[in-house]
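Following: one structure in structure tokens, then a few remarks.
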Amino acid sequence: MRDEAEFSMLNYIRILTICITHSDIDHQPNFLALAQVPVVFLFSTKNSIVSLLLGPGHGYEKVDYIHRWSGRCLFLGTVVHGSLWIPNHLQYNVQIIGAQKDTRSLAALGVLCGIVLTSLRPVRKWSRDSFWVVHVLGFVAFFITICYHTIYATPWIFPPLAFYTADMLMRMLRVRIKDATLTAVDSNMTWVLQDCDTNWIAGQHVRLRVFFSGRVFESHPLTIMNAPAAYECHLSRIAEKSSRALNNYADKAISNNDQSSLSDQPALPPEAPVQVMLDGPYGGCSLDLGQYQTVLLIADGSGATFTICVLDDIIGCCARLGRPNNERTRRIEFVWCLRSYTGINWFTSLILPIANVVADSPELDLPISAYVTCLCNPEAVPPIPNSDVLMLAQRPDTLKILENAVVLAGGSDNEDVKYQGSTPEPSEASAKLQWVGLGGAGVAVCTSGPGTLTREASNAVAKSSLLRESELGGVGLHTEVFSVQ
């Protein structure tokens with residue numbers, strides 16, 4: 001569905017660009033630009049009616065690219081509209097700066113330029129707070145200046161205000177303030193633990209706001225993870241100021257608690273109490289993994305929070321609950337690329353129980369492959385059933401991982417295939433257990449990580465679908481980008 005949506009959006013942008021740039025009428029680009037304002041707001045809200053109609057797996061983060069491109073079309077139409085008016089002013093010797101209408105138009109254009117410049121990816125990546133403040137205040141100023149500039153802008157302002165108001169009301173109904181605990185796993189990882197509710201599905205995330213050190217106004221999307229003892233584990237990785245501050249706060253609070261405690265029997269990892277505000281959940285997996293015979297989960301770094309969550313969900317349906325919805329899954333391959341061996345310890349307590357359940361289930365295969373790109377401490381690797389941890393200079397090719405997951409060269413539909421080997425190659429590190437075979441109920445691919453990984457996965461799935469879709473029974477894809485887009 002994402003491919004069809006992107007193709008439709010590309011055609012829409014193409015037609016709109018032609019209409020804006022190939023026009024001798026001064027007002028035509030203006031009205032086309034105003035028509036983009038409702039679209040910009042419709043796809044920018046967290047609770048967009050489009051996301052609600054599409055269902056899980058099509059949250060605001062999946063349709064946000066329409067918001068960005070509509071904003072660019074709005075800026076293009078505004079610039080072309082102003083450019084067409086300049087020759088008229090020069091021809092009739094009309095001043096540009098000084099006339100009331102033209103001064104207001106320049107003010108609106110200046111505000112819009114500020115919004116566009118601060119929306120560039122480098123600005124959003126390195127100064128997210130500045131981007132957010134300019135975005136909010138800028139659109140308020142743009143609405144005011146554009147309404148003073150032309151009376152025709154007023155009808156185009158009310159739909160965006162309605163979309164934004166509805167989004168705020170729905171977020172107020174969904175927000176929750178709860179007590180939680182912080183656990184600093186190491187200097188690169190902090191867990192936020194709280195009692196688990198049932199109002200979410202595997203693969204969803206929440207907007208988390210932690211009340212500490214005056215950072216009340218900062219909220220960040222963190223993945224919900226299934227974990228033992230009915231807990232949700234929200235991942236906060238050191239990638240920005242707030243995450244580093246959260247890790248430092250948790251480490252300092254835990255140290256103070258340890259110094260003030262008189263007990264000599266710490267049975268659990270040290271924790272620090274904190275209050276959090278939850279907004280959500282949002283997103284989710286767009287694929288019903290239980291309807292696929294083979295599932296390939298590929299994660300890079302902290303993207304494992306998503307793949308572990310959906311892994312626990314499908315294993316729970318197939319092994320623990322006895323396939324209540326006639327799930328067809330027989331094989332799940334879990335691939336994780338990370339920088340150091342110590343990163344595996346972050347989620348050992350989550351992966352190990354899942355691997356043990358699969359080890360006792362004769363109907364499921366779960367080969368686990370971890371590719372480490374930094375030589376650190378191999379002795380720190382925890383023992384996980386049917387797992388391989390290999391040292392590679394760079395992340396393995398996603399297309400090769402997919403090809404090795406679906407078929408072995410020279411294999412046949414009815415042949416039991418096994419991978420054996422000792423050299424650190426991706427083709428030899430995966431599929432140690434009995435292969436299910438071709439001609440099944442399809443292959444599902446879920447990837448989570450940086451944009452480069454998701455693009456590689458999209459290209460790999462497109463190539464496999466083009467060449468062998470009927471042989472494999474269909475190939476489904478779901479991606480989660482763990483970076484600024």
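The values are calculated or read from the model by the stated rules, or taken from the named source; none is laboratory data. As the structure is a computational prediction, the values presented were derived from the model and not from experiment. Every residue, glycine among them, receives a Cβ derived from its backbone with ideal geometry; neighbour counts consider all protein chains shown.
For this structure, a couple of remarks:
- Pairs linking a residue in the range 148-169 that is free of Cβ contacts under 8 Å to residues at least 60 places away in the same chain to a residue that is surrounded by 18 or more Cβ atoms within 10 Å (Cβ to Cβ) and assigned to a helix (DSSP H, G or I), with Cβ atoms under 7 Å and 6 or more positions apart or on different chains, are H149/S105; H149/A108.
- Boolean, T103 is hydroxyl-bearing (S, T, Y), in contact with a helix residue (DSSP H, G or I) (Cβ under 6 Å, 6 or more places away or on another chain) and in a helix (DSSP H, G or I): no
- Positions within the range 13-64 being at pLDDT 85 or above, in a helix (DSSP H, G or I) and β-branched (V, I, T), in sequence order: V37, V39, V40, I49, V50, V63
- Residue in the range 168-181 that is loosely packed, with under 14 Cβ neighbours inside 10 Å, under 22 Å from F75 (Cα atoms) and either modelled with pLDDT of 95 or more or not small (G, A, S) (or both) present: no
- Which numbered condition N326 fails, given (1) farther than 17 Å from Q204 by Cα; (2) in contact with a helix residue (DSSP H, G or I) (Cβ under 6 Å, 6 or more places away or on another chain): (2)
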